[in-house]
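The values are calculated or read from the model by the stated rules, or taken from the named source; none is laboratory data. What you see is a predicted model; the values in this text were computed from it and never measured. With ideal geometry, Cβ positions are generated from the backbone for all residues, glycine too; neighbour counts draw on all protein chains shown.
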Amino acid sequence: MRIRKLLVRFFSLALTTSAITLNTPCTADEIAPPDFAWWREARFGMFVHWGLYSEAGSVWKERFLPGWSEWMLNRKKIPPDEYYAELMPRFDPADFDANAWVLAAKNAGMKYIVITTKHHEGFANWPSAVSDRDIAATKFGKPISAGGRGRDPLRELADACERHGLKLGFYYSLLDWAHPDYLPRREWDMRPIDGAEYARYAQFMRAQVKELLDGRYGKIAVLWGDGDWEHGAREHTSDEIVAMARALQPGILVNNRWALPGDYATPENSIPDAMLARPWETCMTLNGSWGYARDDHDFKTAPVVLQNLADIVSKGGNYLLNIGPDGRGRIDPESLEVLAGIGQWMRTHSSSIYRNGHADLPVPEWGRWTMGTNQDGSTTFNAHIFSSPKSGMIRLDGVIDDPTAVRVLGGEFAAPTFRREGPDLIVKLDSAVLDAIAKASAHSVIAFDFALQPRILTAPVIVGDDRMFVGTTTVRFAPPPTGATIHVTTDDSQPSINTLALQVNAQGEFAIVLDRTSTLRARTSWQGNMSNAETTLTFVRSELLPAKKCGDSVGLDARVIAGTFEIVPANDAFENATQKSVIQSVAIPVGVPADRYAIQLLGMIDVPVSGVYRFEIASDDGSELWIDGVRVIDNGGLHGAVPKVGDVALEIGCHDLDVRMFESVGSEALALRWRLPMTTNFTEIPVRAFWRQP
């Protein structure tokens, strides 16, 4: 151990003096784009939380602690040295069998595995050259010559994944409760902070991530960060880490927990109500803990997991389902039973999950729709039936092409027949199918096969997202399916076959001109029959806010107040601010407290043309944007660096600007961008646009 510590200290010094060696030089042209193809086909993966906390099993000093076991060090306020002194000698997962883990995932229908290489406790699940809190310091990882087993679980898992055809991803925690350079410390951690430098910890992180991705473990498909909330991307050096990851592992996917947007979002233990605007993956526990918790036996059932899976896929997402093996390396019997149940269903129904995504159909009361694109170019709509349809019928609203076949998956049933009601397809389920649905332990699936992707009379799609205008505005629609017609009203009445039918104009567009505030409603018809899907949007005609005389000097006046806030403070809260400064643009002023403060930026903004401006403010935590006394954006509440937008009509020239923001604890962020009138992209606001008030 003493030799390893000396090596670690030497390497830490090397990081400080020659950090450039951790970066792999490359140009933008050499970096492969994220490889989403396999990920979108897979849809279902296994998350594995495993570390020293697995040995404890949420038990400390013979007392079981309910909740997340992997947070035990923090929740029990255990000094890191005591935590490691207790658990490192005990951690010997001699029963770890990478093949068994991988086969458990594969037989459950999962296509990839993401494992925790280092969680918040700081323990590295591989032999790391820059840490002595790693697998090589345990009996399991010590060389055989030193009385250990000489094993590397990541090496064994990588080999097993390659052997059985699963992708492998690595989770890595940016948060580290044990590392001496990690800041801020927990309030109960009494270790001295003299000499601690977060910049040195960031170098340590880059070194460890490089070890994980440098090829020793083969092809790594995902880099799954976590614990980014206590610092911003700059402090984490997230851009450097991600660039290095993409250079070392071309096509790697990077999630959104590096204090950066990443390639995809990661809702935790929740499923969004609707599709998200970007790729996403729900990660979810199988019981109440991510890591192994000895006395937690509240497991989800296989039918519940499968309904979650169908719900997620129907909204275009992936499902990363977690297991927590114990300190011996074993997956508990309850988890294995659930995985086996999932696998039994997947063996006959996986065609409704793999290569599937959102089907552009209304969400039914009986379950969910998924749509699969098959390798021969055909399309299948899959009806995931969670409960028997009340009418005994399945309705495909607005599907105007006939299927080539209708099949019940997972059983020997007569092919259901279909009929038409105008633009809708109707399938009547016979008693045998309804009886099977009622008796099934997991949900049933009925597949509708089409030679090509069928035409659907969806709600008409409005092109663009402008909802405020000055004078007049042209509302444009995406072309409807061939043979269909878009009907609109502008007085909030329901469109019918007799209301205005849009015709192609001279520019080849389906469009309507508005000259007043209007609630526009639109539906589509086909062969004289109206679809049920409707678009309703309100367009607001606004007057330009008049410009004012600009100030005499550039910049913004910043006022800072200390305190604990959960909402954005009102203007008078800043009247007695003692910390004041002048800054050049919308940003967090230098010298603010580490946590628990609010700022107000006052001045003027000079807009170059008259028209409707869209502003975007991203803040951590809440913020508001006021222009000429009008609140344009309310981005309040406790949250990460979430962007929010708002529109305002401005005359060319200067306007009063008031930006307020508060920070609770953890990471902080504030940024303001604009989208100029008649443009489509946000841009940075130039410094010359900001003026102090006269």
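When Ser388, Ser431 are screened for being among the polar types (S, T, N, Q) and surrounded by 15 or more Cβ atoms within 10 Å (Cβ to Cβ), only Ser388 passes. Anything in the range 502-517 that is over 40 Å from the mean Cα position of the chain (by Cα) and surrounded by 13 or more Cβ atoms within 10 Å (Cβ to Cβ)? List them, or say none. Asn505, the sole residue that qualifies.
Scanning the range 462-477 for residues that are assigned to a loop (DSSP other than H, G, I, E, B) and either surrounded by fewer than 14 Cβ atoms within 10 Å (Cβ to Cβ) or without any contact (Cβ under 8 Å) to a residue 24 or more places away in the chain (or both) turns up Gly464, Asp465, Gly471, Thr472.
Against the definition (at pLDDT 95 or above, part of a loop (DSSP other than H, G, I, E, B) and over 27 Å from the mean Cα position of the chain (by Cα)), how does Gly327 come out, yes or no? So Gly327 passes the test. On inspection, Leu520 does not qualify as over 33 Å from the mean Cα position of the chain (by Cα) and under 26 Å from Val630 (Cα atoms). A single entry from Phe565, Phe615 fulfils the requirement of being surrounded by 19 or more Cβ atoms within 10 Å (Cβ to Cβ) and in a loop (DSSP other than H, G, I, E, B): Phe565.
For (1) more than 30 Å from the chain's Cα centre (by Cα); (2) aromatic (Phe, Trp, Tyr); (3) closer than 17 Å to Thr116 by Cβ, each residue gets a yes or a no:
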| site | (1), (2), (3) |
| --- | --- |
| Phe36 | no, yes, no |
| Trp39 | no, yes, no |
| Met46 | no, no, yes |
| Arg63 | yes, no, no |
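Here's the yes/no breakdown for (1) under 18 Å from Gly666 (Cβ atoms); (2) aromatic (Phe, Trp, Tyr):
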{"residue": "Tyr171", "(1), (2)": "no, yes"}
{"residue": "Met190", "(1), (2)": "no, no"}
{"residue": "Ile193", "(1), (2)": "yes, no"}
{"residue": "Arg206", "(1), (2)": "no, no"}
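In the range 346-369, the residue that is surrounded by the most Cβ atoms within 10 Å (Cβ to Cβ) out of those that are among the hydrophobic types (A, V, I, L, M, F, W, C) and assigned to a loop (DSSP other than H, G, I, E, B) is Ile353. Is it the case, given these coordinates, that Glu230 is in contact with a Pro (Cβ under 9 Å, 6 or more places away or on another chain) and of a type in the set (Asp, Glu)? The answer is yes for Glu230. Using beta carbons and a limit of 8 Å, which pairs, at least six apart or on different chains, have the first residue in the range 348-370 and farther than 21 Å from Phe413 by Cα and modelled with pLDDT of 95 or more and the second one of a type in the set (A, V, I, L, M) and surrounded by fewer than 17 Cβ atoms within 10 Å (Cβ to Cβ)? Correct list of pairs: His358/Met275.
Could you say whether any residue in the range 268-281 is at pLDDT 95 or above, aliphatic (A, V, I, L, M) and out of contact with any helix residue (DSSP H, G or I) (no Cβ under 7 Å at 6 or more places or on another chain)? No, that holds for no residue. Mind counting the residues in the range 285-315 that are touching a residue at least 40 places away in the same chain (Cβ under 8 Å), more than 19 Å from Val48 (Cβ to Cβ) and surrounded by fewer than 22 Cβ atoms within 10 Å (Cβ to Cβ)? So the answer is 6. Considering the range 98-116, the residues that are assigned to a helix (DSSP H, G or I) and touching a Pro at 6+ places or on another chain (Cβ under 9 Å) include one that is nearest to Leu306 (Cα to Cα), namely Trp101.
Residue-wise test of (1) assigned to a loop (DSSP other than H, G, I, E, B); (2) within 13 Å of Leu321 (Cβ to Cβ).
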| position | (1), (2) |
| --- | --- |
| Ile271 | yes, yes |
| Leu276 | yes, no |
| Thr282 | no, yes |
| Asn287 | yes, yes |
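Considering the range 618-630, the residues that are in a strand (DSSP E or B) and buried (at least 21 other Cβ atoms within 10 Å of the Cβ) include one that is farthest from the chain's Cα centre (by Cα), namely Ile627. Number of residues in the range 534-556 that are outside any loop (DSSP other than H, G, I, E, B) and touching a Ser or Thr at 6+ places or on another chain (Cβ under 8 Å): the value is 7. Among the residues of the range 656-678, just one is of a type in the set (Val, Ile, Thr) and modelled with pLDDT of 95 or more, namely Val659. Exactly one residue among Asp194, Asp152 is within 28 Å of Asn255 (Cβ to Cβ) and in the same structural domain as Ile220 (by TED's automatic domain parsing), and that residue is Asp152. For the range 331-345, the criterion of being in a loop (DSSP other than H, G, I, E, B) and under 30 Å from Tyr53 (Cα atoms) is satisfied by at least one residue.
Could you check, for the range 659-670, whether at least one of its residues is charged (D, E, K, R) and surrounded by fewer than 18 Cβ atoms within 10 Å (Cβ to Cβ)? No, because not a single residue in the range 659-670 is charged (D, E, K, R) and surrounded by fewer than 18 Cβ atoms within 10 Å (Cβ to Cβ).
Evaluation of Val313 against the conditions (1) assigned to a loop (DSSP other than H, G, I, E, B); (2) closer than 26 Å to Pro454 by Cβ shows that the sole unmet condition is (1). Between Met244, Met275, the distinction of being assigned by TED's automatic domain parsing to the domain that holds Trp177 and either farther than 30 Å from Arg185 by Cα or of a type in the set (Val, Ile, Thr) (or both) belongs to Met275 only. Selection of first residues in the range 607-632 that are farther than 29 Å from Val665 by Cα and of second residues that are assigned to a strand (DSSP E or B) and basic (Lys, Arg), restricted to Cβ pairs under 6 Å at least 6 apart or on distinct chains, gives the following pairs, ordered by first then second residue: Arg614/Arg675.
Gly464 passes every criterion in (1) modelled with pLDDT of 95 or more; (2) at positive phi apart from (1).
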